[in-house]
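Worksheet for the structure shown next.
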Amino acid sequence: MDHFNYQQGALAVEDVPLADIAARFGTPTYVYSAATLTRHYRVFTEALAGIDHEICYAVKANGNLGVLGLLADLGSGFDIVSVGELERVITAGGDPAKVVFSGVGKRDDEIARALDVGIACFNVESASELDRIDAIAQARGARAPISLRVNPDVDAKTHPYISTGLKENKFGIAVDEAEALYREAATRAGLNVIGVDCHIGSQLTDLSPFKDAVTRLLALIDRLAEAGITLEHIDVGGGLGITYEDETPPSPAAYAEVIRELVAGRDLKLIFEPGRVLVANAGVLLTRVLHLKPGQDSADKHFAVVDGAMNDLIRPALYDGWHRIVTVDEQPAATPRAWDIVGPVCETADFLGQGRELAIAQGDLLAVRSAGAYGFAMASNYNARPRAAEVIVTGRDVHEVRARETMADLMRGERRLSSF
Ligand code: LLP
């Protein structure tokens, strides 16, 4: 359920017509619904009732300060992959003590900053990283809380670019190497071994890969216990899928049930790193039709050129991502046609959707649904396009949580040679 509905013939977010937002902030604009985000968070955490757990929202999905602030207020922790994400969390009022730090390439300065602010755990991805964390912690007279990210070698059956839990992927430490590394870690003065983690992929629509991964991690936990290494938590990563088109992902309740059964009777805290499932369907990309280029004969394609492009939302170009596209006007007068919705960027891959049966006229507004995750977060300035504005709607109110970039923003920090 979300709060994007037609009211009096026009698509609204909560109580605000999208046309009002376009008039006030221009297009393209990312529009998020606070009520939808809040609901998704609550559904997730309620599904976990009775399990000792922490939700560490994956900041990479949408790191806007407004979004992070809402989640911090709801009590969420955060999964970060860079010091930039850490600073965002802190600026938004998030609690560093609820932060886990993932990622294969942590730099020394990032490790140092995370230690200084007292994050909950480093999710370590290699023996080399373990050495650096130990050395940096010892130099500061600190002990770094660590978990090893184990690569359970399970097939998440998702797009290859967002599959992370196979042996051939760069992520994590192979299960059969992890045990020796845990033994080594336990001897280091700068490390406090507290957990194990994994993340097998994103947009998963089946529970069995989660089950397989957690089962393998629990077996490892048991082997470690025999060796005298007791872990306090298991972090199962993120990855729960959503409905973009006709996918039928498991509900958070069904997902939680599987995990609950697997960990029953164990004294383990559970950490979850959901991203997409919390924010994707809480956002749309609002865009306006600039030009129509209808084909001349029946075999031709019809192009609707809009002001949003692959630099704003790269998922269709990069992963064949399918996003529902709807007209803001509920019953537009134009005749429906199968339009390719394309942007102004000079690339054939610059499309938001293809062959969409829509009734559109020049100047109409379109909403690209399910754009709250990996939308703005992956936006670029390609073709010298300023990045879109972002707004959050709360009931009748619209809050501009990121201003549209200006020409000055585009050129910030750059110089001609003759100006030195
Ligand atoms: N934890 C770790 C360590 C991750 O690498 C990720 C996502 C998550 C949690 C959150 O996963 P989620 O719950 O959102 O599936 N840009 C791609 C998705 C990349 C996901 C990368 N890692 C897309 O647009 O589909």
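Here, each number is a calculation from the coordinates, and none is a lab measurement. Not measured: the values here are computed from a predicted model. Reconstructed Cβ throughout: ideal geometry from the backbone, glycine too, with neighbour counts over all protein chains shown.
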_Value of Rg/Rh across the chain [Cα atoms, Kirkwood radius]_ = 1.01
*Find the all-direction average of the projected area of the Cα convex hull for the stretch 64-183, expressing the result in square nanometres with one decimal place.*
8.2 nm²
_the stretch 230-345: C-alpha pair distances exceeding 19 Å, %_ = 63 percent
*Using the alpha-carbon atoms, what tilt in degrees (0 to 90, nearest 10) does helix 108-117 show relative to the longest principal axis of the chain?*
80 degrees
*asked:* To check you understand DSSP bridge types, tell me what percent of the beta bridges within the chain (both residues inside) are antiparallel, rounded to 5.
replied: 45 percent
*Consider all pairwise Cα distances in the stretch 1-157 and report the whole-number % of them above 23 Å.*
51 percent
*Dividing the alpha-carbon radius of gyration of the stretch 166-325 by 2.2 N^0.38 Å (N being the number of residues), what value is obtained?*
1.46
*On full extension of the chain, what length is gained from ASP108 through GLN7, given 0.36 nm per residue of separation minus the C-alpha to C-alpha distance?*
31.1 nm
*What lysines sit close enough to LYS157 to cross-link, taking a C-alpha to C-alpha distance under 29 Å and skipping anything fewer than 8 places away on the same chain?*
LYS60, LYS106, LYS167, LYS170, LYS211, LYS269
*If you project the alpha carbons of the stretch 101-244 onto their three principal axes, what span does each projection cover, largest first, in Å?*
47, 34, 23
*What is the fewest-to-most order of LEU270, LEU18 by other Cβ atoms lying within 10 Å of their Cβ?*
LEU270, LEU18
_Bins of 10 Å from zero: percent of alpha-carbon pairs in the stretch 1-55_ = 22, 37, 23, 15, 4
*Over all alpha-carbon pairs of the stretch 34-277, lay out the pair-distance distribution in 5 Å bins, whole %, shortest bin first.*
1, 7, 15, 19, 21, 18, 13, 6, 2, 0, 0
*Residue order, fewest to most beta carbons within 10 Å, for MET411, MET310*: MET411, MET310
_Neighbour-limited loop hits for trypsin sites (Lys or Arg not before Pro), the stretch 274-378 (at most 14 other Cβ within 10 Å; DSSP other than H, G, I, E, B)_ = LYS301
*May I have the convex hull volume per residue, in Å³, for the Cα set of the stretch 173-266?*
101 Å³
_Fewest-first sequence of TYR57, TYR6, TYR255 by Cβ atoms within 10 Å of each Cβ_ = TYR6, TYR255, TYR57
